[in-house]
Amino acid sequence: MAIQEARIGWYGLGSMGLGMALNLARHLKTVGAPALRYSNRTLEKGKPLEAAGALPEQDYASVVKGSDIIFTMISNDQVLKDLTSIAAESCGSINGKIFVDTSTVHPDTAASVFDILSAKGATFISSPVFGASPMAAAGKLIFAMAGPSAALAAVKPLVINVMGRSIIEMGEDVRKSSLLKISGNILVISFMEVIAEAQVFAEVTGIGCTQMEEFIGNMFGPVLESYSHRMTSGAWAPPHGTPPGFAASLAAKDARHALSIAQSNDMRIPTMDTALAHLKMSRAYAGEMIDSSSVYGSLRTQAGLPFWSENSRKEP
C-alpha cells in the first residue's frame, strides 16, 4: 500500500509523542495522504495536532479501527499490554494492520505483543527511539527498529526525515530493538549519574559548576554538555506545569529492566544500581515531576548541600 493511501493512527501524546505525532501529521498533509487519526488518555493534549489537521478519535479502539498503520508512544509495559488486548479483542478484524510501538519496554513484553498480534493476522514492529523531547519536536530521533521486513519497508518512509534522522535495523526479532534501547539507556542513565557526581564535586570543592560544564563540553562534546546543563540550568527539577525531558519515573523503569536482564545473564551493572538508588531518593523527596538528571539532587544532599539547586524549583 502506498503511503498516500495508507491510513495512519497515533496513540500517546506525552512529551515525546506529541512532537513525533505533529511531525507525522504535517508530513501526511504535505504528501496528500489521509489525515492522521489520534487519541490519548487525555484527549485535550491533542489540540495542537487537531490544529495541524489531524483527526481526534475518542479512544484507542477507534484509532485502530480507522487505521492501517498504528503508532504508539506510551509510558510503560503495562500500558502497551492493555492496548494490545484492546486491539486483539475489541476492534474486530485487525488482519493486515501494522502496529509500531516506539516506547521503551522489556524485550519479553515486545515478544509477547508480537505473538498476540501475529495470531490475529497483524504485524508488530518494535521501534524504540533515542533522543529527548527537543529531538522529537525537531524530527531528529534515532529509531531502533525490528520486525518483519515487509512491514519495516512500509513504515520507513514515515520515519526518515519525518520523525527521525536515522534507523538502526535490528532484524526480525523484536526483542533485539528493545535490548538495544535498554543498552543505550544504560549509557544515558550512567552519564547522568557520573556527570552529577562531577558537578557536585565541582561545587563542594570550589571548582565551579560553570567551569566544570565548560570542560565537559570541550572534552566530551555537546551531548554530555547538554546533560550537565540539565543540572546547572535547574531543568532537572522544572517548574510545575513544565514536563521533564526524560522523567525520573521512566528512567527508573528502564534501569530496572536493565538490571533484571543483566541478572538473568549473570552479570552486574554497578552504576545502574547506584543511579536507581539516587532516582528513588529524588522521587521520594520531590515527587514525580522531576527529570532523570535529578540524581543530582540526591547527590547534593549526600554532600551536605540543599536538595534544590539555585536554578531549580524549590518545592516538591
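The values are calculated or read from the model by the stated rules, or taken from the named source; none is laboratory data. None of the values given here were measured: they were computed from a predicted structure. All Cβ positions, glycine included, derive from the backbone under ideal geometry; neighbour counts span all protein chains shown.
Here is a yes/no grid of residues against (1) over 19 Å from the mean Cα position of the chain (by Cα); (2) surrounded by fewer than 23 Cβ atoms within 10 Å (Cβ to Cβ); (3) within 20 Å of residue 127 (Cα to Cα):
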residue: 6; (1), (2), (3): yes, yes, yes
residue: 13; (1), (2), (3): no, no, yes
residue: 22; (1), (2), (3): no, no, yes
residue: 26; (1), (2), (3): yes, yes, no
residue: 31; (1), (2), (3): yes, yes, no
residue: 45; (1), (2), (3): no, yes, no
residue: 51; (1), (2), (3): yes, yes, no
residue: 54; (1), (2), (3): yes, no, no
residue: 70; (1), (2), (3): no, no, yes
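Quick check: is even one residue across region 145-154 touching a residue at least 40 places away in the same chain (Cβ under 8 Å), within 23 Å of residue 95 (Cα to Cα) and surrounded by fewer than 22 Cβ atoms within 10 Å (Cβ to Cβ)?
yes
Write out, first by first residue and then by second, each pair whose Cβ atoms fall under 7 Å of each other, whose residues are 6+ apart or on separate chains, and whose first residue, in region 269-292, is assigned by TED's automatic domain parsing to the domain that holds residue 251 while the second is surrounded by fewer than 20 Cβ atoms within 10 Å (Cβ to Cβ) and among the hydroxyl-bearing types (Ser, Thr, Tyr).
271/190; 272/190; 275/190; 283/249; 288/249
Return only the number of the condition from (1) over 22 Å from residue 297 (Cβ atoms); (2) part of a helix (DSSP H, G or I) that residue 225 does not satisfy.
Evaluating residue 225 over (1) over 22 Å from residue 297 (Cβ atoms); (2) part of a helix (DSSP H, G or I) leaves (1) as the failure.
Looking only at region 102-117, which residues are under 21 Å from residue 14 (Cβ atoms) and out of contact with any helix residue (DSSP H, G or I) (no Cβ under 6 Å at 6 or more places or on another chain)?
Taking region 102-117 first, the residues under 21 Å from residue 14 (Cβ atoms) are 102-106, 109-110, 113.
Residues satisfying the conditions are 102, 103.
Here is a list: 175, 165. Which entry is at pLDDT 95 or above, basic (Lys, Arg) and part of a helix (DSSP H, G or I)?
175
For residues in region 241-272 being over 16 Å from residue 76 (Cα atoms), surrounded by fewer than 16 Cβ atoms within 10 Å (Cβ to Cβ) and modelled with pLDDT of 95 or more, which is farthest from the chain's Cα centre (by Cα)?
Going through the qualifying residues, I end up with 266.
Does residue 142 count as touching a strand residue (DSSP E or B) at 6+ places or on another chain (Cβ under 8 Å), over 17 Å from residue 175 (Cβ atoms), of a type outside the set (Asp, Glu) and buried (at least 23 other Cβ atoms within 10 Å of the Cβ)? Before the answer, list the steps.
Details: touching a strand residue (DSSP E or B) at 6+ places or on another chain (Cβ under 8 Å): yes; over 17 Å from residue 175 (Cβ atoms): yes; of a type outside the set (Asp, Glu): yes; buried (at least 23 other Cβ atoms within 10 Å of the Cβ): no.
Against the criterion (touching a strand residue (DSSP E or B) at 6+ places or on another chain (Cβ under 8 Å), over 17 Å from residue 175 (Cβ atoms), of a type outside the set (Asp, Glu) and buried (at least 23 other Cβ atoms within 10 Å of the Cβ)), residue 142 does not qualify.
Working only within region 15-41, note down all residues that are outside any helix (DSSP H, G or I) and either of a type in the set (S, T, N, Q) or free of Cβ contacts under 8 Å to residues at least 40 places away in the same chain (or both). First the steps, then the outcome.
So the first thing to find is which residues in region 15-41 are outside any helix (DSSP H, G or I), and the list is 15-16, 31-41.
Within region 15-41, 15, 31, 32, 33, 34, 35, 36, 37, 38, 39, 40, 41 meet the criteria.
Look through 112, 133 and report the one residue that is modelled with pLDDT of 95 or more and out of contact with any His (no Cβ under 6 Å at 6 or more places or on another chain). Before the answer, list the steps.
Numbers: 133 fails: modelled with pLDDT of 95 or more.
When all the criteria are applied, what remains is 112.
Name the residue, out of 187, 152, that is among the hydrophobic types (A, V, I, L, M, F, W, C), in a helix (DSSP H, G or I) and under 17 Å from the mean Cα position of the chain (by Cα).
Matching residue, one of 187, 152: 187.
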